[in-house]
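The structure appears right after this line, and notes come after that.
The values are calculated or read from the model by the stated rules, or taken from the named source; none is laboratory data. The model shown is predicted, which means the values in this text are computed figures rather than measured ones. Glycine also receives a Cβ, built like all others from the backbone with ideal geometry; neighbour counts cover every protein chain displayed. Only protein heavy atoms, including side chains, enter the accessible area calculation; ligands, DNA and RNA are left aside. Shrake-Rupley method; radii C 1.70, N 1.55, O 1.52, S 1.80 Å.
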Amino acid sequence: MTWLRNAEKWLSFINLNSDLKETLLNIENNKKLLEDHFYKHLEFGTGGMRGELGPGINRLNIYTIRRAAEGLAKYIAEQGEEAKQRGVVIAYDSRHKSPEFALEVAKTVGNYGIKAYVFDELRPTPVLSFAVRYLHAFSGVVITASHNPPEYNGFKVYGEDGGQLPPEAANTIIKYVNAVENELTVEVAEEQALLSNGLLAYVGEEIDNAYVEQLKSLQLNPEVVAKVAKDLKIVYSPLHGTGNKPVRAGLKAFGFEHVPVVKEQELPDANFSTVKSPNPEEHAAFEIAIKYGEEIGADILMATDPDADRLGVAVKNHSGEYVVLTGNQMGALMLEYLLSQKQAKGLLPENGVVIKTIVTSEIGRAIAQSYGIEAMDTLTGFKFIGEKINEFEQTGQHTFLFGYEESYGYLIGDFVRDKDAVQSAIFAAEVAAYYKSKGMTMYEGLLAIFEKYGFYQESLQSITLKGKDGAEQIAGLMDTFRNESLSDVAGIEVEAVEDYATSLRKANGLESKINLPSSNVLKYFLADGSWFCLRPSGTEPKAKFYFGVKGDSMEHSQEKLAAIQTAVMNMVNDRLAARV
């Protein structure tokens with residue numbers, strides 16, 4: 001039993017961290033739990049790794065962090081002396097062990113003579129992306145698990161363009177990480193020695209100021225903001241994460257000075273103690289913000305996730321109740337405003353492009369095309385949007401205008417190469433100001449967009465299946481669907497299936513190639529223009545199911561959505577039950 005040998009190696013390691021040793025001894029007699037801690041190495045994928053904290057090779061701890069950093073260090077050293085001197089920028093969020101893990105990364109790469117720039121306190125992921133570009137660093141690392149529960153943390157790697165690593169570089173690092181024979185004996189340098197020899201520098205304010213200057217370039221109508229800023233009421237919550245300072249600085253730079261922050265969620269808290277989940281996609285995350293909003297009659301409520309790369313927005317509906325907009329809806333509002341205002345000012349480039357993911361609403365394509373702008377799909381994951389931005393920067397084929405995904409990730413200015421909730425928050429505030437200047441709420445603005453382009457509705461369902469057994473169930477579920485031939489769903493004919501694992505599209509008995517990287521995803525297209533998609537999460541023990549429809553009215557689209565969603569989830573549950 002390999003897992004048992006791994007556990008024994010850790011238990012017998014004389015210098016094992018005392019906290020990890022204590023936890024390990026407490027679970028020593030729970031063989032199933034012990035196996036889960038040791039049956040495999042925590043997977044290091046193309047974006048890095050994410051997992052639960054704790055002892056073992058299948059958990060995040062200083063040793064698995066060092067293992068990952070060792071792989072990155074060997075990759076950088078392989079690129080030569082210039083890459084080592086340009087070094088790595090390291091940021092971290094408000095999670096348990098984040099500052100410690102950031103320093104461990106610096107100590108590990110420092111042992112290879114690689115310079116590390118470590119932020120002096122927690123910072124958002126998009127600020128890390130910006131800092132890599134600003135400092136002309138060779139790479140970047142952020143310690144975060146985004147919106148995962150408190151028991152998680154992660155290690156995310158960035159390339160010299162400020163985007164997540166492209167496949168070739170990521171695969172090389174993965175090879176080096178997997179080649180580390182013993183994570184317990186990875187050598188690290190001492191912090192003071194690295195500071196003395198210039199291989200470690202703490203950074204902060206200069207980068208913050210440069211970032212805010214770039215944020216100012218996103219403003220389209222400062223006169224509109226000036227006109228309504230005193231009357232527009234905004235409530236903001238950082239959900240105990242990194243967004244507090246940069247979002248407030250950005251809003252102030254845009255001219256929004258009266259922004260109450262949810263006090264109960266203002267300060268960093270690794271336990272995210274006021275919410276069940278620090279995820280602005282979850283409506284419950286807005287409960288306290290809604291109380292603030294009701295007290296002052298706020299026009300817009302905003303919340304960012306712990307590493308401030310996702311933004312959630314709530315606005316008042318016709319009944320005066322706050323509703324949390326979906327990522328697709330907020331993306332439509334921002335995109336319509338961006339393109340309409342750029343067109344009005346003569347700023348729309350002929351080769352402009354909007355980039356979205358395959359599970360993001362088709363309303364984005366409809367909006368872009370109405371302004372003569374191409375809309376392009378990528379696989380799920382903002383790194384693919386970042387890759388396209390970098391590609392177009394090199395080729396000049398397109399000018400990037402906007403990128404977004406349904407999971408609350410947006411990017412307006414390409415001085416960052418990952419989704420950016422700070423950019424998004426201040427831009428969303430300007431959108432709210434624009435509609436207020438016209439005597440409209442953002443909700444009324446959204447309805448106007450539906451009237452113009454059609455009533456697009458989407459939903460997401462997920463099933464959590466933890467541990468080794470869960471991973472096998474998810475893999476089996478995907479195999480079952482992949483090997484079946486669905487003729488119809490909810491009485492609607494299946495016209496085409498796209499299998500991104502094989503890069504093949506099947507329609508009318510014919511096969512064609514999909515020009516996207518391989519991924520374990522299935523997407524089904526129905527005869528009425530509806531679609532649904534099956535995708536295992538790359539960062540959580542979940543299988544995700546996405547649905548999209550277009551109707552003639554809100555009621556029509558909602559009925560369609562409910563019918564398709566019910567039919568698909570019944571199929572999913574039946575197939576899972578059949579495997580038990």
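Quick rundown of the values:
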{"item": "Cα shape, the chain, gyration tensor, a/c 1.5 rule", "result": "oblate"}
{"item": "Ordering of 112-121, 132-141 by packing [mean C-beta count within 10 Å, highest first]", "result": "132-141, 112-121"}
{"item": "Placed amide H near residue 376: partners under 5 Å, 5+ positions off or other chain", "result": "354, 355, 356"}
{"item": "Residues of the chain: accessible area per residue with a 1.4 Å probe, Å²", "result": "40 Å²"}
{"item": "Rounded, prolate or oblate (a/c below 1.5 giving rounded, otherwise prolate when a/b exceeds b/c) for the stretch 145-196 by Cα gyration tensor", "result": "rounded"}
{"item": "Set of aspartates and glutamates near residue 21 by C-alpha distance (under 19 Å), chain-local residues within fewer than 8 positions excluded", "result": "8, 35, 36, 52, 100, 104, 151, 183"}
{"item": "Subset of 263/419; 245/466; 84/466; 216/544; 342/383 violating a 29 Å alpha-carbon distance limit", "result": "245/466; 84/466; 216/544"}
{"item": "Over the stretch 210-267, relative contact order from alpha-carbon pairs under 8 Å, at least 6 apart, %", "result": "46 percent"}
{"item": "Cα centroid separation, the stretch 468-482 to the stretch 398-420 (Å)", "result": "32 Å"}
{"item": "Sparsely packed GluC sites (Glu not before Pro) within the stretch 238-307, loop by DSSP, other Cβ within 10 Å at most 10", "result": "257"}
{"item": "Cα gyration tensor shape for the stretch 430-521, rounded if a/c is under 1.5, else prolate or oblate", "result": "prolate"}
{"item": "Of 252/316; 156/233; 156/436, those spanning more than 31 Å from alpha-carbon to alpha-carbon", "result": "156/233; 156/436"}
{"item": "Within the accessible area of the stretch 12-151 (1.4 Å probe), percent carbon and sulfur", "result": "46 percent"}
{"item": "Rel. contact order, % - alpha carbon contacts under 8 angstrom, at least six apart, the stretch 84-213", "result": "31 percent"}
{"item": "The chain: relative contact order as a whole-number percent, Cα under 8 Å and 6+ apart", "result": "11 percent"}
{"item": "Between the stretch 180-196 and the stretch 213-266, the alpha-carbon center distance in angstrom", "result": "41 Å"}
{"item": "Reach of residue 452 by Cα under 17 Å, taken over lysines that are not fewer than 8 positions away in the same chain", "result": "550"}
{"item": "Cross-link reach list, aspartates and glutamates versus residue 227, counting only Cα pairs under 14 Å and skipping chain neighbours closer than eight places", "result": "257, 430"}
{"item": "Positive-end extreme of charge dipole, the stretch 143-232 - chosen from 173, 185, 146 (charges on Cβ)", "result": "146"}
{"item": "Most to least accessible of 318, 96 (protein chains only, probe 1.4 Å)", "result": "318, 96"}
